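The structure under discussion appears below in the form of structure tokens.
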Amino acid sequence: MKKVILGTAGHIDHGKSSVVKALTGIDPDRLKEEKERGITIDLGFANIVYPDVIVGIVDVPGHERLIKNMLAGVGGMDMVMLVVAADEGVMPQTKEHLAICDLLKIKSGLIALNKADLVDEETLELAKEDVKEAVKGTFLEQAEIIPVSAKSGYNIELLKGKIRQLALKVSEKSNKGLFRMPIDRVFTLKGFGTVVTGTVLSGKISVDSAVEILPSGYKSKIRGLQSHGQAQKEVFAGQRVGINLQGISKDDLKRGDIVTIPEKLKPTSYVEVKIQLLKEATPLKNNAPIHFYLTTSETVGKLKLIGQDEVLPGKEAFAHIKLQDPIVAMAKDRFIIRRFSPLETLGGGVVLDPDPLRRKKDIVLEDLEILYSGELAECIEVKIRRKGMKGIPLDEIEGWINVDLEEIQRAIDKLLGKQKIVKVNNHLFHIDVFKSFKTSLINLLTEFHRLNPLKEGLPKEELKVKLGLERVPEILLLLAKVDEVSIEGNIAKLKSVSKEEVDPKLERNIVSEIGQKQFQPPFKEELAKNLNIPETKIGDILKILTKQGKLVRINDSLYITKENYERMLNLLRDFFAKKQDMTVSEFRTMLNTTRKYAIDYLEYLDSNKITLRIGETRKLVKRG
């Protein structure tokens, strides 16, 4: 069955809660103080169940000092019932509530002209004209005005019927996005534990699902679900829902937190936005402090305008907002801003990027325009390009923008088809980044092969350092997409280049030169000089011969033949068969070599756990 949320709006004491009670039989004023004072202080909830649609109702307070509570309830509304008292007409909070709903782009609503029984026909008509004038130019300009009396019941059934008609026309929230439910109430129930309530903005979730509470990051599991007093196995976008959470304290949660699925959304304290000021607002200067309201969260922040120093009433501007507290936002989410002091609604806007570029010099105005009004594929392309060499995982895109997951996938497929982006293991890079990386990589490997003809290729870690990519290891994923390059284990090489083979005669000369000197072979530098070969080339050949098992590398400068190494081990075993420990001098004498060579050999043997140094002597570790 279709599910929509109706919110009330209007001035204090115009009878919003009374109309809700007359419609539903439920008193939305749940607090003792509300009943004693006869005014709504916090959010109240009720519902109307029709045969073909369920309308959840969020009743908001009308007092100007309670606007923050009103804002906590308005974020999930699909349609609005503006309540105006016929005996008073349009009042300040009538206008402010209407402006807030308009800024949040609520598209449907109707107007209940309450207390119609207290005025005569002429006054009633004047009240209607007053309301028509007030809603001109807003989403309620064409809305039906229904005179009612919550007290006498006059036209309440008619109003109920009109709400149903409107609810059937309203676009239902999507179940195909990420599950998100901003918390508006937290309490405990004896025998159940912690319960949170809210309006599901998108997606769906079921009992036993794992959830994450943001921005705190607490993990939990759903023990139970309720909607409109009925236990549910699964709940959907557009429903008022109570969630019984497992293993989490009431004190760990608050209004403004978000219940969502784990590892998808990221808290942020810095958002990129487009704001619009109300026509009645005062000009807003750069760096002005503001109150910021998004879904059920409230915090303060500093406005950093982009490309201008001031926003005039009724005008728009791009901006960054640096927030005092972390929030959970997605691109396309709408918000309200109010003056820091005195508190008054200034305007609202839409989040363009909840994880934006920080430096103004990196911001391209055209990108902001695309994020504001471009097609989904264009917005995603901008986001991927902004991520530069780090790229962005597909999961992060899904948690970045408030759109159905299927639409995101279609947009990405479109970008891949047009070769605007590159995808590797569900990680996305912009094509410009890929082309730049590919050019740099091929140039680097070309030069490397020229200077190191005997080497197979360049190790990935060394490649990353040479390209200056230590801080962006993600970009190495792109190696798999460069057709001209092959990866063998940890080595990258150009497919078009073959490693130069070592001249067999030179190979024999090197092995002979090293072998004939037994345990005093020439060091690498001396060997290069003796054979008139560049030291780098000799180094490469020595590594190849070591890999082939013909030499043993003692350290970067010293190599011995495999045969002499085996002879060293045999001499060691013979020595330790007669004696338990060995001094450096004894080892040097045994090999008939110098102290310098002896120290190098012993350090190698120690590091390979063949010998163990204890003070100034060695013991044999391996006897095999």
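The values are calculated or read from the model by the stated rules, or taken from the named source; none is laboratory data. Please read all numbers here as calculations on a predicted model, not as lab measurements. Cβ coordinates were reconstructed from backbone atoms using ideal geometry, including for glycine residues, and neighbour counts include every protein chain displayed. These accessible areas exclude ligands, DNA and RNA; they are computed on the full protein's heavy atoms, side chains included. Shrake-Rupley method; radii C 1.70, N 1.55, O 1.52, S 1.80 Å.
Observations
- Flagged links, alpha-carbon separation over 32 Å, of 21/233; 176/418; 128/302; 128/279: 128/302
- The chain - accessible surface per residue (Å², probe 1.4 Å): 47
- Selection of GluC sites (Glu not before Pro), region 318-382, meeting DSSP coil and at most 13 other Cβ within 10 Å: 375
- Length added when fully stretched, residue 339-residue 608, from 0.36 nm per residue minus Cα-Cα: 89.8 nm
- Solvent-accessible area assigned to carbon and sulfur over the chain amounts to 48 percent, based on a 1.4 Å probe.
- The aspartates and glutamates within cross-link reach of residue 162, meaning a Cα-to-Cα straight distance under 13 Å and a gap of 8 or more places when in the same chain, are 144.
- Cleavage-rule hits (trypsin sites (Lys or Arg not before Pro)) in region 108-214: DSSP loop, at most 16 neighbouring Cβ within 10 angstrom: 136, 151, 176, 190
- In the complete set of protein chains, residue-level accessible area for residue 206 is approximately 40 Å², probe 1.4 angstrom.
- Among the listed options (1) 67.5; (2) 40.3; (3) 34.6, the one matching mean projected area of the Cα convex hull in nm² as calculated from these coordinates is (2).
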